[in-house]
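What follows is a single structure, written as structure tokens, with notes after it.
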Amino acid sequence: TITDDHVIQDAGISVDYGNKDKKANKVIVEFFNGSKDYELDTATVLHSATTDANDYTSDDGGEVLEVKAEFPYISDHYIAYNMAKAILTRSRYQTTVQFLGTPEMYKLNVNDIVTLSYTGLGFSGKIFRVEGLELNPNGLVAVSLIEYFDVYTWTVPPQEPLEEHADLPSA
């Protein structure tokens with residue numbers, strides 16, 4: 001847990017909440033679907049802004065922020081769907097924090113998951129991943145954090161309709 005005591009107040013703390021250019025509310029992944037004879041297929045994930053499933057743009061002022069990704073080596077709809085979900089989620093959680101920390105920050109490693117409680121920004125137990133650490137000549141550590149989300153919470157996507165197979169003639 002990183003608290004106010006770990007942040008050098010003279011240097012301050014900087015926060016970047018991301019920008020709209022990197023945000024998405026609709027992600028389309030193109031892949032070759034193995035269950036459809038490896039034909040080009042898509043998996044689409046929409047941001048759930050409200051309880052209305054059709055209103056995925058309300059958090060973004062009604063603007064459609066679409067991202068397309070090509071995964072030519074994916075052949076499974078479930079994997080394609082979850083890749084799209086991961087891209088969408090990463091685009092929604094883009095808050096980054098940089099600060100100069102006390103020597104106690106030596107205990108951190110890049111990719112560690114930490115909680116940040118900083119009263120000046122109203123953060124109370126906000127979860128971040130350590131993105132970078134830089135040792136300064138004066139013994140202090142420059143710390144860079146990015147908002148954390150669990151990319152491994154994969155889910156079963158909505159079932160895709162299967163084509164009817166023609167009855168094969170008997171001998």
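The values are calculated or read from the model by the stated rules, or taken from the named source; none is laboratory data. Keep in mind the model is a prediction, meaning the values are calculated, not measured. Cβ: placed from backbone, ideal geometry, glycine included. Neighbour counts: every protein chain shown. The protein model used for the area step is the full one, side chains on, heavy atoms only, and it has no ligands, DNA or RNA in it. Shrake-Rupley method; radii C 1.70, N 1.55, O 1.52, S 1.80 Å.
Would you mind finding the one in Ala80, Ala142 that is farther than 19 Å from Ile2 by Cα, among the aliphatic types (A, V, I, L, M) and modelled with pLDDT of 90 or more? Before you say what the answer is, go through the steps one by one.
On the way: Ala142 fails: farther than 19 Å from Ile2 by Cα.
Being farther than 19 Å from Ile2 by Cα, among the aliphatic types (A, V, I, L, M) and modelled with pLDDT of 90 or more holds for just one of Ala80, Ala142, which is Ala80.
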What's the number of the condition Asp167 fails, among (1) modelled with pLDDT under 80; (2) under 25 Å from Asn19 (Cα atoms)? (2)
Extreme residue, farthest from Asp150 (Cα to Cα), among residues of segment 107-116 that are part of a loop (DSSP other than H, G, I, E, B) and of a type in the set (A, V, I, L, M): Leu108
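Counting only residues that are of a type in the set (Ser, Thr, Tyr) and not in a helix (DSSP H, G or I), which one in segment 64-106 is surrounded by the fewest Cβ atoms within 10 Å (Cβ to Cβ)?
So in segment 64-106, the residues of a type in the set (Ser, Thr, Tyr) come out as 73, 75, 78, 81, 89, 91, 93, 95-96, 102, 106.
Narrowing the set further to residues that are not in a helix (DSSP H, G or I) leaves 73, 75, 93, 95-96, 102.
Working: Tyr73: 7, Ser75: 16, Tyr93: 15, Thr95: 15, Thr96: 16, Thr102: 15.
By that ranking, first place goes to Tyr73.
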Does Val15 count as open to solvent by less than 50 Å² (accessible area, probe 1.4 Å), within 30 Å of Glu104 (Cα to Cα) and not in a loop (DSSP other than H, G, I, E, B)? yes
Inspect all residues belonging to segment 27-37 and state whether any of them is touching a residue at least 60 places away in the same chain (Cβ under 8 Å), farther than 30 Å from Val141 by Cβ, touching a Leu at 6+ places or on another chain (Cβ under 6 Å) and not hydroxyl-bearing (Ser, Thr, Tyr). yes
Could you list all residues from segment 117-130 that are closer than 12 Å to Ser144 by Cβ and crowded, with 16+ Cβ neighbours inside 10 Å? Phe128, Val130
